[in-house]
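> A single structure is presented below for examination.
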Amino acid sequence: MSGQAIAVLLGSAGSFEIGGTRLPDVPVGIFDMHAMAGLGDVAGFLSLTCFRTIPVTVDYAAGLLVLEDEASLAQRAAAGTPVAVQVGVDGCSTDLKLGLELPGGRPVSVEVDTGSEVLILDEDCARDAGIDLHGPGVRTVAANDETGREVVRYFTDLRGDVTVSGSPAAHVTDPPVMVQKIIYDGLAGVRFLRNFTTTYDLARSRMIFAIPADQVTS
């Protein structure tokens, strides 16, 4: 997210099965998971590339990954709010950009990143959202990122609502944020996404956001 190049060995799995669905000729990246903190017990990651043609729902409340068919996808769309997203395809890489509105109304385009924890904002976007990086309540951390590059990160709570563009009901109030100089407006991490049931329908360039039943107010 900070723009430097990395090198990864690439290969291909003859097939891969998930939830009874077999995916043929799956491209794979190969690297030492044990070299990264906290990943020693993780065998691998499923990326959006696996779901370019298969709609998939992440139900955080139930702890489920659901592969959708046309009928179930239509039910998801009727029960939630479909929003347009930008799908980027570059060889075996797939990325997803989602529109958000920050407190104060500034629209931003963030990368959907379920591998990140908190909502991440670029320094310029954070200032526009009213964050004083050197003010009270901001924790500053100097660290090395996953590539060894030195970075400065700021941690605080963003005051106000962060809303999914096109879905006013899909918002999070006072979310924790990390601020860093990055090449995107921001990244939507899992602490933002887990407030919703999210469906990824890449073939139609959309996500569907639904409010979990225990969070719906009358």
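> Give me the pairs, please: first residue somewhere in the stretch 6-23 and touching a residue at least 24 places away in the same chain (Cβ under 8 Å) and farther than 13 Å from Leu46 by Cα, second residue anywhere and among the small types (Gly, Ala, Ser) and in a loop (DSSP other than H, G, I, E, B), beta-carbon distance under 9 Å, and either six or more positions apart or on two chains.
Pairs that qualify, where the first residue is touching a residue at least 24 places away in the same chain (Cβ under 8 Å) and farther than 13 Å from Leu46 by Cα and the partner is among the small types (Gly, Ala, Ser) and in a loop (DSSP other than H, G, I, E, B), are Leu10/Gly91.
> Answer yes if at least one residue in the stretch 16-23 is part of a loop (DSSP other than H, G, I, E, B), modelled with pLDDT of 85 or more and on the phi > 0 side of the Ramachandran plot, and no otherwise.
Residues of the stretch 16-23 that are part of a loop (DSSP other than H, G, I, E, B), as a first pass: 19-20.
From what is left, the residues that are modelled with pLDDT of 85 or more are 20.
Next, only the ones that are on the phi > 0 side of the Ramachandran plot stay: 20.
Within the stretch 16-23 (the criterion being part of a loop (DSSP other than H, G, I, E, B), modelled with pLDDT of 85 or more and on the phi > 0 side of the Ramachandran plot), the answer is yes, since at least one residue qualifies.
> Search the stretch 69-104 for residues being free of Cβ contacts under 8 Å to residues at least 60 places away in the same chain and in contact with a helix residue (DSSP H, G or I) (Cβ under 8 Å, 6 or more places away or on another chain), and hand back the single one that is farthest from Ile6 (Cα to Cα).
The extreme case among them is Gly104.
> Restricting to the stretch 120-149, count the residues that are within 24 Å of Met33 (Cα to Cα) and either at pLDDT 90 or above or in a loop (DSSP other than H, G, I, E, B) (or both).
First, pick out the residues of the stretch 120-149 that are within 24 Å of Met33 (Cα to Cα): 120, 142-149.
After this cut, where a residue has to be either at pLDDT 90 or above or in a loop (DSSP other than H, G, I, E, B) (or both) as well, the list is 120, 142, 145-149.
Residues meeting the conditions: 7.
> Provide a single number: the residues in the stretch 151-171 that are under 19 Å from Ser116 (Cα atoms), free of Cβ contacts under 8 Å to residues at least 40 places away in the same chain and not acidic (Asp, Glu).
Qualifying residue count, the stretch 151-171: 6.
> Something else: If I ask for residues that are polar (S, T, N, Q) and more than 15 Å from Glu17 (Cα to Cα), which ones from the stretch 29-65 would you list? Write out each step before concluding.
Taking the stretch 29-65 and keeping what is polar (S, T, N, Q), we get 47, 49, 53, 57.
Thr57 - this is the single residue of the stretch 29-65 that is polar (S, T, N, Q) and more than 15 Å from Glu17 (Cα to Cα).
> Can you give me the number of residues within the stretch 96-108 that are open to solvent by 50 Å² or more (accessible area, probe 1.4 Å) and assigned to a strand (DSSP E or B)? Please lay out each step first, then the result.
Taking the stretch 96-108 first, the residues open to solvent by 50 Å² or more (accessible area, probe 1.4 Å) are 101, 104, 106-107.
With the extra rule that they be assigned to a strand (DSSP E or B), the set shrinks to 101, 107.
Of the residues in that region, 2 qualify.
> If I ask for residues that are in contact with a Phe, Trp or Tyr (Cβ under 6 Å, 6 or more places away or on another chain), among the polar types (S, T, N, Q) and open to solvent by less than 30 Å² (accessible area, probe 1.4 Å), which ones from the stretch 116-175 would you list?
Selection gives Ser167 alone.
> If you go through the stretch 176-205 one residue at a time, how many are small (Gly, Ala, Ser), assigned to a loop (DSSP other than H, G, I, E, B) and open to solvent by 10 Å² or more (accessible area, probe 1.4 Å)?
Pass one, the stretch 176-205, residues small (Gly, Ala, Ser): 186, 188-189, 203, 205.
If we keep only those that are assigned to a loop (DSSP other than H, G, I, E, B) as well, we get 189, 205.
Retained after the next criterion (residues that are open to solvent by 10 Å² or more (accessible area, probe 1.4 Å)): 205.
Qualifying residue count for the region: 1.
> Quick one: count up the residues across the stretch 40-83 that are more than 12 Å from Asp201 (Cα to Cα), open to solvent by 30 Å² or more (accessible area, probe 1.4 Å), part of a loop (DSSP other than H, G, I, E, B) and in contact with a strand residue (DSSP E or B) (Cβ under 9 Å, 6 or more places away or on another chain).
Within the stretch 40-83, residues that are more than 12 Å from Asp201 (Cα to Cα), open to solvent by 30 Å² or more (accessible area, probe 1.4 Å), part of a loop (DSSP other than H, G, I, E, B) and in contact with a strand residue (DSSP E or B) (Cβ under 9 Å, 6 or more places away or on another chain) number 7.
The values are calculated or read from the model by the stated rules, or taken from the named source; none is laboratory data. Remember, it's a predicted structure, so these values are computed and weren't measured experimentally. Cβ coordinates were reconstructed from backbone atoms using ideal geometry, including for glycine residues, and neighbour counts include every protein chain displayed. Heavy atoms of the whole protein, side chains included, go into the accessibility calculation; ligands, DNA and RNA do not. Shrake-Rupley method; radii C 1.70, N 1.55, O 1.52, S 1.80 Å.
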